[in-house]
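The values are calculated or read from the model by the stated rules, or taken from the named source; none is laboratory data. All of these numbers come straight from a predicted model, not from anything done at the bench. Counting neighbours? That spans all protein chains shown, and the Cβs are built from the backbone with ideal geometry, glycine included.
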Amino acid sequence: MSLKYKDLLSPIEINGVLLRNRLICTASNPHFIQATEKWPTEALITHYANKAKAGAAVVTVKGNNPVKTTDPHSLTLDIHTGQHQHMFAQAADMVHFYGAKASYLVLPDMNIVKGYDASDGVISEYVAGDGSKPEMGKAAPKELLYKMVEAYAEEAKLAKSLGFDMCFMHMAYRLMFPGRFLSPISNKRTDEFGGSIENRARFPLMICEAIKKACGKDFLVEISISGREDDLFEDGLTVEDQIEFAKLCSGKVDILQIRGGSIDPSQPTYLDTREIPNLDAAARIKQGIKDAGIKDVYVNVVGGCQNLDHCEDIIENGQSDFIGAARSYIADPKWGVKAYEGRGEDVVPCLRCNKCHVAGPGNWNTVCSVNPEWGLEHKVERLTTPPVRKKKLAVIGGGPSGMEAALIASERGHDVTLYEMTDRLGGLINTTRGIDIKWTLVNYADYMARQIKKSKVNVIYETKATPELLKKENYDEVIVAIGAEPAIPPIKGVDGKNVVPAIKIVGHEDEFDKEVVVIGGGEIGVEMGIHLARCGHNVKLLEMGKILSPESVPVHFRSIFEKTWEGQEGFEYELGARVTEITDDGVIYVDEDGNEKKAAAGTVILAAGMKAKHAEAKTFFDGNVRVHLIGDCNKVGCVQTGVRAAYALAKNI
């Protein structure tokens with residue numbers, strides 16, 4: 001049987017190093033998986049080992065945090081202390097155990113250049129990450145640059161001595177010190193380290209050359225660069241600049257990892273409907289390298305790479321030599337395995353919610369919306385129990401929680417029947433079909449429905465399960481996942497004919513008045529407001545709080561969300577607005593200064609949150625069988641909380 005993804009899975013030899021395929025697991029780690037330890041614990045080692053087990057050719061291990069931060073929750077390690085080094089060696093060894101090459105993110109002590117930057121008078125971005133005010137840079141003297149070159153080489157040499165096969169140096173989006181020199185935005189020097197692309201490339205390539213000299217040509221060097229900056233910043237790096245840089249990399253750099261022009265957009269969210277935003281830049285750089293006749297510099301495209309069919313096309317068509325990913329291995333821990341098995345349709349879609357960075361404000365758990373094991377990889381076996389006997393189970397509700405519970409229970413050998421009151425699985429996700437920014441969520445619902453169809457789960461559609469119906473079937477246990485319903489605030493006129501819950505707008509957009517008021521500025525309210533504005537309505541959103549969407553993920557998501565709503569034509573909002581009445585022609589509210597105002601609108605959208613269906617859920621307790629409540633009918637949450645609850649329950653029945 002031939003491999004479906006034969007180009008993606010084809011081996012490649014670089015400087016005598018054989019990589020088994022074209023899949024590179026880029027630098028990542030669960031932020032909250034260990035505490036104050038400055039070495040990889042068993043939890044973190046398991047995380048990296050599982051990426052190799054999933055089929056990656058290269059797994060990149062992080063040491064020192066590449067973002068300078070004072071965040072007390074930041075995970076940063078120290079490879080230079082002797083008592084720590086055997087754990088780094090174990091991390092490399094475990095990656096090797098599963099047949100992958102181990103790469104180390106090399107980042108020496110930045111105190112060497114503390115207080116300095118590439119140039120005088122340029123706002124320093126490489127201190128970003130802790131919410132601190134950007135500092136004005138001061139040009140680093142040449143002697144410090146030479147010290148940094150030596151420090152990078154020494155750390156790479158140390159990593160090699162601990163078993164690492166290669167190293168990775170972060171240079172994208174002007175975040176790290178070497179990358180500050182490459183970009184004309186941050187490098188205004190007039191000496192031999194500034195000006196032309198050759199001069200701006202001099203310092204970072206001195207580092208790469210020193211690493212090769214210290215570690216040998218067969219110690220591979222990968223660096224990340226912004227494929228282009230000029231689409232985001234005036235006078236930023238162009239693709240043509242990076243092609244010239246790629247030519248200079250010959251003999252010094254083995255792999256160029258192509259990222260975006262800024263840190264947050266380089267972690268694509270569902271707000272960007274492009275599948276792989278950096279592909280165009282990567283393909284053009286790859287072509288430029290080929291046209292120049294350079295054969296020792298390879299390209300690795302990063303950001304949104306998950307669809308295996310598309311990844312295969314990218315390699316086959318010569319747009320990139322490698323596919324770089326981190327979230328793909330998080331969303332689906334068998335991503336690479338499914339590539340070898342030719343099962344692209346079975347890859348768990350990443351929601352691009354970025355909860356894998358931080359679940360939400362003040363939430364310090366490591367989670368993934370679609371992989372309930374992530375963050376628990378090292379202890380999941382202790383948290384679950386094998387089934388004692390086959391049971392007859394009923395699952396009520398075909399949303400994400402119900403489908404996850406049904407699938408896991410069926411995989412464990414139980415006889416599972418799922419009751420869905422509509423003609424389609426997906427639950428409330430189905431109310432978002434047709435909204436462009438909900439594409440990843442719809443993909444996930446469709447994926448889950450496909451898995452149910454392939455499984456042994458018996459689905460009964462268009463049937464409202466009742467305690468009486470279930471009693472007749474003599475189930476051993478019942479899992480209730482009936483979800484939530486819109487919360488109706490006590491506002492005069494809220495029951496008017498012009499008032500529509502947010503979950504009922506899709507498919508009716510053309511029926512609404514041109515002027516629309518949205519009540520509620522949480523994530524759902526803002527998304528629905530943006531959607532209606534894109535449909536041609538003039539939307540005014542009223543929010544009682546001080547900020548919009550306070551629950552949004554703060555890392556690599558919120559800034560993009562803010563930019564989206566601030567730039568959306570036809571969408572405006574007012575904070576500190578307390579709605580007192582809804583009339584036939586608008587909404588009366590009190591602004592933050594206590595003034596009564598009226599917003600004219602023929603249609604009012606309620607986005608005041610959801611309410612768990614506690615009363616209905618409790619009716620399934622009849623004293624005869626054990627009943628479990630999961631998902632939003634237990635406590636209103638999100639896909640992540642519902643899926644993890646369903647997984648935890650089903651793994652213990």
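Could you list, ordered by first residue, the pairs with Cβ atoms under 9 Å in which the first is in the stretch 424-450 and free of Cβ contacts under 8 Å to residues at least 24 places away in the same chain and assigned to a helix (DSSP H, G or I) and the second is surrounded by fewer than 22 Cβ atoms within 10 Å (Cβ to Cβ) and among the basic types (K, R), at least 6 apart or interchain? From the stretch 424-450, the pairs are N430/R424; V442/R433. Only one entry in K51, K4 is of a type in the set (K, R) and not in a loop (DSSP other than H, G, I, E, B), namely K51.
Yes/no per residue for (1) surrounded by 20 or more Cβ atoms within 10 Å (Cβ to Cβ); (2) within 30 Å of G522 (Cα to Cα):
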site: I255; (1), (2): yes, no
site: I276; (1), (2): yes, yes
site: A282; (1), (2): yes, no
site: Y298; (1), (2): yes, no
site: D313; (1), (2): no, no
site: R327; (1), (2): yes, yes
site: A339; (1), (2): yes, no
site: C356; (1), (2): yes, yes
site: G362; (1), (2): no, yes
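Among the listed residues K514, K497, K504, K546, which satisfies the condition of being touching a helix residue (DSSP H, G or I) at 6+ places or on another chain (Cβ under 8 Å), more than 18 Å from C353 (Cα to Cα) and of a type in the set (D, E, K, R)? Break it down into steps so the answer makes sense when it comes.
On the way: K514 fails: touching a helix residue (DSSP H, G or I) at 6+ places or on another chain (Cβ under 8 Å); K497 fails: touching a helix residue (DSSP H, G or I) at 6+ places or on another chain (Cβ under 8 Å); K546 fails: touching a helix residue (DSSP H, G or I) at 6+ places or on another chain (Cβ under 8 Å).
Exactly one residue qualifies, and that residue is K504.
I'd like the full set of residues that are farther than 13 Å from V604 by Cα, touching a Leu at 6+ places or on another chain (Cβ under 6 Å) and of a type in the set (V, I, T), limited to the stretch 515-535. V526, the sole residue that qualifies. Among the residues making up the stretch 152-185, a single one is crowded, with 24+ Cβ neighbours inside 10 Å and of a type in the set (S, T, N, Q): S183. Just one of the listed residues (V478, V526) is more than 30 Å from L418 (Cβ to Cβ), among the aliphatic types (A, V, I, L, M) and buried (at least 23 other Cβ atoms within 10 Å of the Cβ), namely V526.
Just a yes or no: is a residue in the stretch 4-14 acidic (D, E), out of contact with any Pro (no Cβ under 9 Å at 6 or more places or on another chain) and closer than 23 Å to G179 by Cβ? Among the residues of the stretch 4-14, not one is acidic (D, E), out of contact with any Pro (no Cβ under 9 Å at 6 or more places or on another chain) and closer than 23 Å to G179 by Cβ, which makes the answer no.
Selection of the stretch 416-433 for residues being surrounded by fewer than 16 Cβ atoms within 10 Å (Cβ to Cβ) and either of a type outside the set (V, I, T) or farther than 18 Å from I503 by Cα (or both) yields M421, D423, R424. Could you go through the stretch 231-243 and let me know if any residue there is of a type in the set (D, E, K, R), under 20 Å from Q267 (Cα atoms), in the same structural domain as H86 (by TED's automatic domain parsing) and at pLDDT below 95. Checked the stretch 231-243: at least one residue is of a type in the set (D, E, K, R), under 20 Å from Q267 (Cα atoms), in the same structural domain as H86 (by TED's automatic domain parsing) and at pLDDT below 95.
Mind listing just one residue for me: the one in the stretch 583-634 that is assigned to a helix (DSSP H, G or I) and aliphatic (A, V, I, L, M) and, of those, surrounded by the fewest Cβ atoms within 10 Å (Cβ to Cβ)? Lay out the reasoning, then the answer.
Keep residues of the stretch 583-634 that are assigned to a helix (DSSP H, G or I), which gives 614-618, 631-633.
When the remaining residues are screened for being aliphatic (A, V, I, L, M), the result is 615, 617.
Values: A615: 8, A617: 22.
By that ranking, first place goes to A615.
Filter the stretch 253-300 for residues that are basic (K, R) and outside any loop (DSSP other than H, G, I, E, B); which is farthest from the chain's Cα centre (by Cα)? The qualifying residue farthest from the chain's Cα centre (by Cα) is K290. Here V61 fulfils each of the conditions (1) modelled with pLDDT under 95; (2) crowded, with 20+ Cβ neighbours inside 10 Å; (3) not acidic (D, E) apart from (1). Scanning the stretch 403-421 for residues that are out of contact with any Ser or Thr (no Cβ under 6 Å at 6 or more places or on another chain) and either modelled with pLDDT under 95 or of a type outside the set (A, V, I, L, M) (or both) yields a total of 8. Checking each residue in the stretch 452-467 for being farther than 19 Å from E616 by Cβ and surrounded by 19 or more Cβ atoms within 10 Å (Cβ to Cβ) picks out I452, V457, V459. Scanning the stretch 12-32 for residues that are in contact with a Lys or Arg (Cβ under 8 Å, 6 or more places away or on another chain), in a strand (DSSP E or B) and surrounded by fewer than 22 Cβ atoms within 10 Å (Cβ to Cβ) turns up I12, V17.
Restricting the first member to the stretch 293-321 and to residues that are of a type in the set (S, T, Y), and the second to residues that are in a strand (DSSP E or B), the beta-carbon pairs closer than 6 Å and six or more apart or on different chains are Y298/I255; S320/V299; S320/V301. Of all the listed residues (G336, G324), the sole one being part of a strand (DSSP E or B), outside the structural domain of K472 (by TED's automatic domain parsing), in contact with a strand residue (DSSP E or B) (Cβ under 7 Å, 6 or more places away or on another chain) and over 17 Å from T641 (Cα atoms) is G324. Under the condition of being modelled with pLDDT under 95 and at negative phi, the residues counted in the stretch 85-120 number 13.
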